[in-house]
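Before any comments, here is the structure.
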Amino acid sequence: MSEAQSGAAFGDTSILTRRILAGLGLGAVLGIALNALAFNGWLPADHGARIFVVDGVFYVGGKIFLASLKLLVVPLVLVSLACGTAALDDVTKLGRIGGKTLGLYLLTTAVAVTLAITAAVLLEPGVGFDLSTDSAGFSAREAPSFAQTVIDIFPDNPFRAMSEGRMLQVIVFAVLMGVAMTLAGEQGLELLRVFESANAVIMKLVFVLMEVAPYGIFCLVAKVFAEQGVDVFERLARYFFVVLAVLFVQMTVSYPALLLIFGRLKPLRFFQKLRAPITVAFSTSSSGATLPVTLRAVEERLGVDGSVASFTVPLGATINMDGTAIMQGVATVFIAQAYAVEIGPAGYLSVVVTATLASIGTAGVPGVGTVMLAMVLQQMDLPVEGIGLILAVDRLLDMTRTAVNITGDAAVSCIVARSEGKFDLEIFNGP
Ligand code: ASP
């Protein structure tokens, strides 16, 4: 569907983006105000009115919005990727697109961790840290083994893969279906038409959902800010700001450089077009849940052809987590410094490799980055309880790194599409 058609049916997209940003801003202001009221004792945390608003209205509103986003993820990936694969005139192209995409995803993540480690080594957020308090009581969940992670990519039951939301398995199944539908000739085309019509219907659902997104985002953000204590930041300020600074550099330097060099695309335009998914990622802390919004923006606002976007975006939401890798890099060095463990140059290299792998294994849902951090710490022989130190500020960092995660997916999608001649510059440069 064209931009004009969708715009006519559901309002101007730039107005929608402004409403989404307004939801985010108002939510943050109200949340911070509620937090300040509680801090000053004017509206304590156990006050009935506050509980009704924060744990009632915001909680329910936010959860419903999240559920609605997640509802669309599996059907959208399945049908859009199957259609995208079938639309490739030559199946061998898939291998080339896959190779480029994986290569770029690995590259951006390795750059991200390297930046993170450099910043943490120079700025020393963990030096002189008092270890005695928060780490007590944290018990790490076990990270899956590498072999199991590889085996888990291949589905043994498509329905289980879909019902359990195993994205890599759904991706494999969708690609196989797409290839088989074209190979099956006339009969395969019949099923393809059903998939194409399902794709149009699900995309329509995404448009409808975006109309209520400002309210959902408002609820999610207001709740987080209302509950986030300000006092925890004092002790962890240095760690918090180092992670934030590197995320900022990745957004404003690494991606623009990549877009300019490999894609010959204007970074400012790119960010303008990506405002809606960035906002949704920030408020949901989940690249997985943001996927329908990212996919829509990448195809319809940035101009990436569906045959590329339907593959690169879901894959990115599952394995490409540059923001998460940044947190893991800074956190590892921070914990080493806090426990006064010397890592050394070879150790840092090992952190780059393990954090890249750990971020690949991180699911696109809130907070999983810290679970996978255990894998990096174990590899480095660092105390896993150290994760307990950083948990207090992880919620806000999770929001920010998720926004970076999906931006990386979109940037790589643009570059791959451009190199394959599957990019519409008119859409990209359009209003
Ligand atoms: N919340 C992140 C995401 O969904 C993953 C993480 O870092 O915890 O992209």
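The values are calculated or read from the model by the stated rules, or taken from the named source; none is laboratory data. As the structure is a prediction and not an experimental result, all values here were calculated from the model. With ideal geometry, Cβ positions are generated from the backbone for all residues, glycine too; neighbour counts draw on all protein chains shown. The accessibility values were calculated without ligands, DNA or RNA, using every heavy atom of the protein model including side chains. Shrake-Rupley method; radii C 1.70, N 1.55, O 1.52, S 1.80 Å.
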Förster radius 51 Å - calculated FRET efficiency between PHE52 and THR92, Cβ distance, rounded to 0.05: 0.30
Axial C-alpha extent at least 27 Å, average Kyte-Doolittle at least 1.6 - helices from the chain (DSSP): 59-87
Protection proxy ranking of 236-242, 208-214 - average other beta-carbon atoms within 10 Å, highest first: 236-242, 208-214
Cut-off 18 Å, label 7 Å out along Cα→Cβ of LYS204, residues of segment 278-311 by amide N: 296
Peptides 319-327, 352-360, 406-414, 282-290 ordered by average Cβ neighbours within 10 Å, highest first: 319-327, 406-414, 282-290, 352-360
Euclidean distance of C-alpha centroids, segment 22-87 and segment 299-329, integer Å: 23
Loop-located GluC sites (Glu not before Pro) in segment 270-366, at most 14 other Cβ atoms within 10 Å (DSSP): GLU342
Ordering of 395-402, 168-175, 100-107 by burial proxy (mean other Cβ atoms within 10 Å per residue, highest first): 395-402, 168-175, 100-107
Over segment 287-346 - Rg/Rh using Cα atoms and the Kirkwood inverse-distance radius: 1.26
Cα-based Rg of the chain normalised by 2.2 N^0.38 Å, two decimals: 0.98
Charge-dipole axis of segment 50-108 as Lys and Arg at +1 and Asp and Glu at -1 on Cβ define it, positive-most pick from SER80, LEU104, TYR59: TYR59
Rough spin-label spacing in nm, given labels placed 7 Å along Cα→Cβ, for SER145 and ILE32: 4.9
P(r) histogram, all alpha-carbon pairs of segment 257-319 included - 10 Å bins from 0, percent: 22, 53, 25, 0
Heavy-atom surface of the chain, accessible at 1.4 Å and reported per residue (Å²): 42
Reach of LYS70 by Cα under 20 Å, taken over lysines that are not fewer than 8 positions away in the same chain: LYS204, LYS223
Computed lengthening from LYS266 to GLN228, 0.36 nm per intervening residue step minus Cα-Cα distance: 10.0 nm
Solution diffusion estimate, µm²/s, Stokes-Einstein, segment 372-431, Kirkwood Rh from C-alpha pairs, 37 °C, viscosity 0.692 mPa s: 222
Nearest-0.05 FRET efficiency for ASN157 and GLU196, computed from C-beta distance (R0 30 Å): 0.75
Accessible surface of segment 26-132 [probe 1.4 Å, protein heavy atoms]: carbon and sulfur percent: 73
Contour excess over end-to-end distance, with Cα ends at VAL341 and LEU106 and 0.36 nm allotted per residue: 81.8 nm
The chain - charge dipole about Cα centre, Lys and Arg +1 at Cβ, Asp and Glu -1, debye rounded to 20: 780
Rough spin-label spacing in nm, given labels placed 7 Å along Cα→Cβ, for GLU426 and TRP42: 5.6
Cα point-scatterer Debye curve for segment 226-340, base-10 log of I(q)/I(0) at q = 0.11, 0.22 Å⁻¹: -0.46, -1.36
25 Å Cα-Cα reach of LYS93 towards lysines, excluding residues that sit fewer than 8 places from it in its own chain: LYS422
Pair-distance profile P(r), taking every C-alpha pair of segment 22-68, with 5 angstrom steps and integer %: 5, 21, 23, 27, 15, 7, 2, 0
For the chain, calculated [θ]222 nm from helices alone, where every DSSP H run of n ≥ 4 adds -39500 (n - 2.57): -25000 deg cm²/dmol
